[in-house]
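Single-structure report; data block below.
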Amino acid sequence: MFTPDILLPGPTPVPVAIQQAMLTPMSDHRGSAFTPVLERVRHRLATLFEVGPSGGIAVLPASGTGALEATVQNFFQKGDAVLSVSTGAFGNRFRDVAQAHGLVVDPYTVPWGQAFDPAPVVSRIRQHQYRGILLTHNETSTGVINPIERLTAQMVSIPPAYRPLIVVDSISGVPAIPLPMQTWGVDVALAASQKGFMCPPGLALIAASGNGLKHLQQDRPHRFYFDLGPYFEDKLPYTPATSLIYGLDKSLELLAAEGSARRYQRHRLLGQMTRSFGHAVGWNPFVEEIVASPTVTSLGVPAGSSPTRVRARIAALGLQVAGGMGPWHDTAIRIGHVGAITPATLFAGLSIVAHVTPHPSRGLEAAWQVWHEDLDKEEPYDA
Ligand SMILES: *Cc1c(COP(=O)(O)O)cnc(C)c1O
């Protein structure tokens, strides 16, 4: 009768204001109604990613994986040596995309549930001549946030001529988790519409710094629709996904109204509430607190119960949560808390999850307590 509530790491709930913006009637996508909208979207994205004065933004019709593929195709050539640092399923996907396009990939794989350690990564970079390094900001399959800033800080000591292009898949990170590209020295960052941007799936966002754009390959054979040159130059090569872009325009307005500091704090709080809930009901979070993601949490279900059955029972009560991935498929569920989720909507979702746990009231008390203590630190969230 009702559409299900969702606590997923994508797609995420779409606010009514964004749904309404997507109903804007069609017009010439090179005409006076749409042109300023796309300009504003690209300008706001450049600010949000902090690409710097000579950086640029490409908005493509694709899901996030399209951004991974277009990045590999446009910033590298077949035969280029790259270091892939993988902390889970999405790091593996980035590696696989690079391999599929003929890059010579040195795979550096971190055990499931851990973040990478910058020191061994930097020492590999010093020993090899990589053209690029492929990183995941927030590993959605495990619920781990990686230390991008500590890595880039250590890479400053490498002479610029030997410094590889730093490419970060931040699809479940930006805009919920900070990735100030210019300050941190990130060259290319990727995002998608259906996670923190609170839009439906369908837009891939690629942000490049001035240095990143210098590495955009000029000779780009085997690329046509996903040749990023025209997209970065604002040339609108083909019909854009206009309705989604109207939605993204509204999203960027809502994100700016909340402000980045409050948004980052809200997502940290949502992660803390979810982990406290998990500890209190005996569904322990699978990753260490120090690397725990603000946007998605893996909770272990007790031995003997199946995550698939647990998720089906939760779904029957009106809430969809995600399954564990990879080696955690049979032991964990994932709760997404990214995008248009407030502490109150998370709490309502957890009150559904609580029904299938052994200690429902303990779990809810713990989550509520974390929320309550946060009220003393922060201004309350405006409705
Ligand atoms: C969601 C996600 C992707 C892309 O997935 P799509 O289904 O293609 O949108 C890539 N990387 C990460 C880290 C993600 O969270």
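Side notes on the structure shown:
- Size of charge dipole - the range 1-107 - debye, nearest 20, with Cβ of Lys, Arg +1 and Asp, Glu -1, no other charges: 160
- Within a Gaussian network of the chain (alpha carbon springs, distance under 10 Å), most fluctuating of G31, G55, G196: G31
- A Cα-only calculation for the range 80-236 places Rg and Dmax at 15.1, 43 Å.
- In this structure, A303 and Q114 have a Cβ-Cβ separation that, at R0 = 22 Å, corresponds to a calculated FRET efficiency of about 0.50.
- Computed over the range 258-383, the convex hull of the alpha-carbon atoms projects to a mean area of 7.6 nm².
- Helix 260-281 and the longest principal axis of the C-alpha atoms of the chain enclose an angle of approximately 40°.
- Each principal axis of the Cα cloud of the range 246-324 was evaluated for its coordinate range; sorted largest first, these ranges are 46, 30, 17 Å.
- Cα-based shape type of the range 210-263, given that a ≥ b ≥ c are square roots of the gyration tensor eigenvalues and the cut on a/c is 1.5: oblate
- Where Rh is the Kirkwood radius over Cα pairs, Rg/Rh for the chain: 0.97
- At R0 = 45 Å, FRET efficiency that the Cβ-Cβ distance of V104 and L254 yields, to 0.05: 0.60
- Considering only Cα atoms, the convex hull volume of the range 308-349 works out to 70 Å³ per residue.
- Where the Cα pairs of the range 232-292 fall when distances are cut into 10 Å bins, in %: 17, 27, 22, 22, 10, 1
- Semi-axes of the equivalent ellipsoid of the range 9-87 are 30, 18, 14 Å, computed as sqrt(5λ) over the eigenvalues of the C-alpha gyration tensor in descending order.
- Across the range 149-205, the convex hull enclosing all Cα atoms gives 72 Å³ per residue.
- Relative contact order [Cα under 8 Å, 6+ residues apart], the range 1-142, whole percent: 21
- Principal-axis tilt of helix 118-127 within the chain, Cα atoms, nearest 10 degrees: 20
- A straight chain from R262 to F2 at 0.36 nm per residue would run longer than the Cα-Cα distance by 90.5 nm.
Each value in this text was obtained by applying a stated rule to the coordinates, not by laboratory testing. None of these values were measured; they are calculated from a predicted model. FYI the Cβ positions are ideal-geometry reconstructions off the backbone, even for glycines, and counts take in every protein chain you see.
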